[in-house]
Structures are given as structure tokens and as C-alpha cells.
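*Asks:* Input: one structure, supplied below.
The values are calculated or read from the model by the stated rules, or taken from the named source; none is laboratory data. What you are looking at is a predicted structure, and each value in this text was computed from that prediction instead of being measured. Every residue, glycine among them, receives a Cβ derived from its backbone with ideal geometry; neighbour counts consider all protein chains shown. In case anyone asks, the SASA skips ligands and DNA or RNA and just uses the protein heavy atoms, side chains included. Shrake-Rupley method; radii C 1.70, N 1.55, O 1.52, S 1.80 Å.
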Amino acid sequence: MTVTSVANNGSAYFPNEPKGPSVKTSTIPGPKGKAAIEEISQVHDIGAVKFPVDYEKSVGNYLVDADGNVLLDVYSQIATIPVGYNNPTLLEAAKSDEAAIAMMNRPALGNYPPKNWATMAQEGAIDFAPKGQKYVYYQMSGSDANEVAYKLAMLYRFNNLPRVNGDFTEEEKTTCMNNSSPGSPEVAVLSFRHGFHGRLFGSLSTTRSKPVHKIGMPAFHWPQAHFPALKYPLEKYTTENQAEEDRCIEEVEHILNTHHCPIAACIVEPIQSEGGDNHASNEFFHKLQATLKKHNVLFIVDEVQTGMGSTGAMWAHEHWNLPTPPDMVTFSKKFQAAGVYYHDKNLRPHAYQHFNTWMGDPLRAIQAKYIAKEIREKDLLQNVKTVGDFVYTSLEKLAEKHPGKINNIRGKGKGTFIAWDCESSAARDAFVGRMKMNGINIGGCGVAAIRLRPMLVFQQHHAEILLSKIDELI
Ligand SMILES: Cc1ncc(COP(=O)(O)O)c(C=O)c1O
């Protein structure tokens, strides 16, 4: 099968990008991809492999698979590629002495940071931090970032308990060695139904998106509140949606008043991503913050998937205009480094209460610095806004043209962070399959949703290809 290419008519960020997708094999993976999977299976778990990729040949918004098929990628390695495959600025940075030295001399940062680590962390995180955030803990992954945010909240609470002489008690020191209270106190993190915060032990207990993520694993007995289930189009259901959001806030209040143990923190995604691209209004998040403040519960915003530009703002929660910054903001994915932003130095626990060997990676801080530079210099936030608006309005037209096929479009004014529901889960999966065979790598989420997660370098001419394929294959 050969897919007709569409003219590249914009001023492209990647002049050497293919003109459009092209699929040559009758399946993806094709014969070479299948052979590669067979080889990989000898050494690695292939249970979730979709198809092997030729990363040398992939460029900009286009992924090239092992068989030479060229796919327009609007899924971007589960929303993680910020500025295109083989971005020349990043490749050049990778060749620098700065990057080579950081890569080949990876330090135990908590003990032996590079002498210029303050500058590296400033340029690699703080310079583009969410408004009001001043400090950073680097971590390894999104799950790990959330785990650390929970730990910081719990340790903050524990360390500030009233004690004689301020030191931990002998009882606390002995009981923690037996995993029992008061040294290992029972304390919880509140999360929302359909939220996803990762798969490590603490983060998994706050993840509520699909049974397959959790089944078979022990979990903390932590509470969950409903996340608003809004009706679309939003303009038509303002009264119902407001009532729904109020109901969820009342539930949060009820949980905070009645849970069997203290709640140290509440975590929420600005847009519940894995759980189906579920949105809530700015007012909902204002009310949530106020409720948490009233109960002295720390507010963690999980920007692992929404952060670094894809909603048209560097950080999705900046759309809310909160009166004060959240206590912590976690990040990963497009940032390439992972971690936690915070603004109150009192959240730093005693030395070694939170620690691991690497405590981050200077190489990833360098990478993040260059990603942020690319975003700034190429004005990519503006690009995301403009292209996002174009995609959103075009999808509305397609929804009218194909009644019942493109439902509950969401993400208006949120850049390219756009999603819609298919008629059913099976219809969604079949559509994803057809798109792939026609040169578009696209992803789903939740029960029956399609989510768009293109890179920040996704332009009008790419959007036109995407939209024409949706029109043809929905
Ligand atoms: C909102 C959110 N939080 C946390 C995570 C976990 O990140 P990781 O898979 O890097 O551990 C994800 C991953 O999809 C996510 O979307």
C-alpha cells in the first residue's frame, strides 16, 4: 500500500521532513519489524510492543519503522517527544563537551554535585518553572516524581509534629524499624477516579485509570474522589457541569473531614490524560485549592503529561490563574528529565530522609535546557496555540459531517491537547489500526477516546494531513 503524499506548504521547522506519510507493507510491523520483534523477544518482554522504529531515519514529526514505513506521529512516544525526532539543536548539544562529560561521569548528585550544578539546575529547570515555583528535585520518571512529592508531603507533616527538643522520639525510631506507628505513621494521599499517576508502590495507589495497572499489586488504603464528568458541548451544559463540579468538591471536603487517617496531600492532573482526557473548569481547580488549604493538605499538580507546552502554555495549570502557586508540580515526559517543583524550602526534609544514588541526572538537565531554548527561540507555544485552534475547529466540522463518530470534542483553547470519543472502545481501536495502516501513528486513552499528542513542532501542513485522514477513515 502506498499512501499519497500531501504537499509540505508551510514554513517547516524541519525542511528535511518527508512530504507526507508512506506505508509500503501490508501490515505494521511488516516482515522486518516482525523479525526484529522476534529477536527482541529473546532478551526482552515484547508484550506491549507496537512496532520497532528506525530512530536514525526518523525526523521531525515523522517516525520511520523497521520496514521503512513513514508515519506522521501524533502520539510522540506516549506524549514525550517535545521538539521532533533528531532535532538538529538537540543533536548538536549532545555532541558538546558539556554533554559528553555529564554523560560519562554521572555523579551521585546528592553527595557530589558538579560545582556548577546551581547554574545547570537553574537553566535546566528553574528558568522555565511554573509561575511561583523556585526549587526542584530531579527524579527518574513520572511515577518516581509523584512518589517523591508524596514523600515530601508526608515528611513535612511528620517532621513538624510537636516534639520535646524537636528531635524524633526513641519510640518513633524503634517503631519505624518494624513498619509500625508512630515511626511509620498511617497517612494518605487523596487522588481522583480515572486519574493516572504512575506505577510504583505509592503512585500506583493513587492511579485509578484501568484495572490492568493495579491488579495483583498490594495498595495503600487511600481515598479517591470523583473527578467531574463534564457534558459536551460545555456551552450547552453550564448548569449541569457546575453542579457536577460542586458535587466533586463537596466529596473532597467530606473525605478530608472523615477519612480514617490524616491526608498529607492531594494530587490531580490538569487534564486526566490516561483516564480519557477528562477536563474540569478553572473554577473547579480554584475551589479544590481553597478546600485543600482550609484542611492544611498539600496540593500536588501532576504535569507529567500536560507540561512543557502542549496545551499552549508551558504548564497546563497556568491556564487556571490560581491566586497562589500549587505546593508542588511534578513533571517528566516532554521535559525528558523528571522531578518535582516546589516553592517552600520547608518541604526539604532532613538529609537522607529523601535520598537515592543519582538524585537526577545532569545530562537530562542539559537536554531540558536545550528543549526549553528550542521552545523559546522557535516560538513553539504560539505554534501550538495556532495549530491547536485550527485542529479543534476543523474537528468540529468533521464531527458534523460524520454524525455519531466524533463525540465530545475537548481541549478548546488548550493547544493541541485535543481528544474526542468514538462510538465504542472497539470502534476506537479499529480506527487507530486504520490510521496506522494509512501512515498516522495515533493513540487512544480512557474507554473510547482518541487523544492527540503531537510534538510542539506539529504545524498546519501536518494538521491538514491528519485531518484529511480522519475524514477518510473515521
Ligand atoms: C499524568 C501522569 N503522571 C504520571 C505518569 C507516570 O509516568 P512514568 O510512566 O514516566 O512513570 C504518567 C504516565 O503516563 C502520566 O501520564
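*Asks:* Considering the stretch 177-205 alone, what residues qualify as being in a helix (DSSP H, G or I) and either open to solvent by 50 Å² or more (accessible area, probe 1.4 Å) or in contact with a helix residue (DSSP H, G or I) (Cβ under 7 Å, 6 or more places away or on another chain) (or both)?
*Replies:* So in the stretch 177-205, the residues in a helix (DSSP H, G or I) come out as 201-205.
Selection gives 201, 202, 203, 204.
*Asks:* Taking the condition open to solvent by less than 40 Å² (accessible area, probe 1.4 Å), free of Cβ contacts under 8 Å to residues at least 60 places away in the same chain and closer than 21 Å to residue 193 by Cα, does residue 306 pass? Before you say what the answer is, go through the steps one by one.
*Replies:* On the way: open to solvent by less than 40 Å² (accessible area, probe 1.4 Å): yes; free of Cβ contacts under 8 Å to residues at least 60 places away in the same chain: no; closer than 21 Å to residue 193 by Cα: yes.
Spelling it out, it is not the case that residue 306 is open to solvent by less than 40 Å² (accessible area, probe 1.4 Å), free of Cβ contacts under 8 Å to residues at least 60 places away in the same chain and closer than 21 Å to residue 193 by Cα.
*Asks:* Follow-up question, since we're still on this one. Which residue out of 301, 297 is within 14 Å of the ligand (Cβ to nearest atom) and within 29 Å of residue 184 (Cβ to Cβ)? If you could, list the steps in order and put the result at the bottom.
*Replies:* Numbers: 297 fails: within 14 Å of the ligand (Cβ to nearest atom).
The match here is 301.
*Asks:* Any residue that is surrounded by fewer than 16 Cβ atoms within 10 Å (Cβ to Cβ), among the polar types (S, T, N, Q) and more than 15 Å from the ligand (Cβ to nearest atom) - is there at least one of those in the stretch 364-372?
*Replies:* Here is the first cut: in the stretch 364-372, the residues surrounded by fewer than 16 Cβ atoms within 10 Å (Cβ to Cβ) are none.
No, because not a single residue in the stretch 364-372 is surrounded by fewer than 16 Cβ atoms within 10 Å (Cβ to Cβ), among the polar types (S, T, N, Q) and more than 15 Å from the ligand (Cβ to nearest atom).
*Asks:* Show the residue pairs that are 6+ apart or on different chains and have beta-carbon atoms under 6 Å apart, the first residue being within the stretch 397-412 and farther than 14 Å from residue 427 by Cβ and in a helix (DSSP H, G or I), the second being open to solvent by 20 Å² or more (accessible area, probe 1.4 Å) and of a type outside the set (A, V, I, L, M, F, W, C).
*Replies:* 398/471
*Asks:* Still on this model: From the list 427, 449, which one is buried (at least 20 other Cβ atoms within 10 Å of the Cβ), at pLDDT 95 or above and not aromatic (Phe, Trp, Tyr)? Don't jump to the end; show me each part of the working.
*Replies:* Values: 427 fails: buried (at least 20 other Cβ atoms within 10 Å of the Cβ).
So the residue among 427, 449 that is buried (at least 20 other Cβ atoms within 10 Å of the Cβ), at pLDDT 95 or above and not aromatic (Phe, Trp, Tyr) is 449.
*Asks:* Take the residues of the stretch 162-176 that are at pLDDT below 95 and assigned to a loop (DSSP other than H, G, I, E, B): which is nearest to residue 278 (Cα to Cα)?
*Replies:* So the first thing to find is which residues in the stretch 162-176 are at pLDDT below 95, and the list is 162-167.
Cutting the leftovers down to assigned to a loop (DSSP other than H, G, I, E, B) gives us 162-163, 167.
On the way: 162: 41, 163: 43, 167: 44 Å.
Across the stretch 162-176, the extreme among qualifying residues is 162.
*Asks:* Considering only residues that are touching a strand residue (DSSP E or B) at 6+ places or on another chain (Cβ under 8 Å) and open to solvent by 10 Å² or more (accessible area, probe 1.4 Å), look in the stretch 329-346 and name the one that is nearest to the ligand (Cβ to nearest atom).
*Replies:* Checking each candidate, the answer is 332.
*Asks:* Residues being assigned to a strand (DSSP E or B) and either open to solvent by 10 Å² or more (accessible area, probe 1.4 Å) or more than 15 Å from residue 229 (Cβ to Cβ) (or both): count how many of those fall in the stretch 269-298.
*Replies:* Residues of the stretch 269-298 assigned to a strand (DSSP E or B): 272, 278, 298.
Of the ones still in play, those that are also either open to solvent by 10 Å² or more (accessible area, probe 1.4 Å) or more than 15 Å from residue 229 (Cβ to Cβ) (or both) are 278, 298.
The number of residues fulfilling the criteria is 2.
*Asks:* Scan the stretch 310-328 for residues that are in a loop (DSSP other than H, G, I, E, B) and within 15 Å of the ligand (Cβ to nearest atom) and report the count. Even if it seems obvious, please write down each step before you answer.
*Replies:* Initial filter on the stretch 310-328 (in a loop (DSSP other than H, G, I, E, B)): 310-315, 321-327.
Among the residues that remain, those that are also within 15 Å of the ligand (Cβ to nearest atom) are: 310-311, 315, 326.
The qualifying residues number 4.
*Asks:* Here's a follow-up. May I ask you to verify whether residue 254 is surrounded by fewer than 19 Cβ atoms within 10 Å (Cβ to Cβ), more than 16 Å from the ligand (Cβ to nearest atom) and outside any loop (DSSP other than H, G, I, E, B)? Walk me through it before giving the result.
*Replies:* Details: surrounded by fewer than 19 Cβ atoms within 10 Å (Cβ to Cβ): yes; more than 16 Å from the ligand (Cβ to nearest atom): yes; outside any loop (DSSP other than H, G, I, E, B): yes.
Judged against the criteria, residue 254 is a match.
*Asks:* Let me ask something else. Report those helices (runs of 4 or more DSSP H) wholly inside the stretch 1-106 carrying at least 1 residues which are among the acidic types (Asp, Glu).
*Replies:* 31-41, 88-94, 97-104
*Asks:* Looking at the stretch 324-355 only, could you name the residues that are touching a helix residue (DSSP H, G or I) at 6+ places or on another chain (Cβ under 9 Å) and closer than 30 Å to residue 97 by Cβ?
*Replies:* 331, 332, 333, 334, 335, 336, 337, 338, 339, 340, 341
*Asks:* Here's a follow-up. Does residue 74 satisfy being free of Cβ contacts under 8 Å to residues at least 60 places away in the same chain, open to solvent by less than 40 Å² (accessible area, probe 1.4 Å) and closer than 30 Å to residue 26 by Cα?
*Replies:* Criteria not met by residue 74.
*Asks:* Among the residues of the stretch 110-143, count how many are within 16 Å of the ligand (Cβ to nearest atom) and out of contact with any helix residue (DSSP H, G or I) (no Cβ under 8 Å at 6 or more places or on another chain).
*Replies:* Within the stretch 110-143, the first condition is being within 16 Å of the ligand (Cβ to nearest atom), and the residues that meet it are 130, 137-143.
Still in the running and out of contact with any helix residue (DSSP H, G or I) (no Cβ under 8 Å at 6 or more places or on another chain): 140-141.
Going through the stretch 110-143 one residue at a time, the tally reaches 2.
*Asks:* Does residue 309 satisfy being at pLDDT 95 or above and touching a Gly at 6+ places or on another chain (Cβ under 6 Å)?
*Replies:* Values: at pLDDT 95 or above: yes; touching a Gly at 6+ places or on another chain (Cβ under 6 Å): no.
No, not satisfied.
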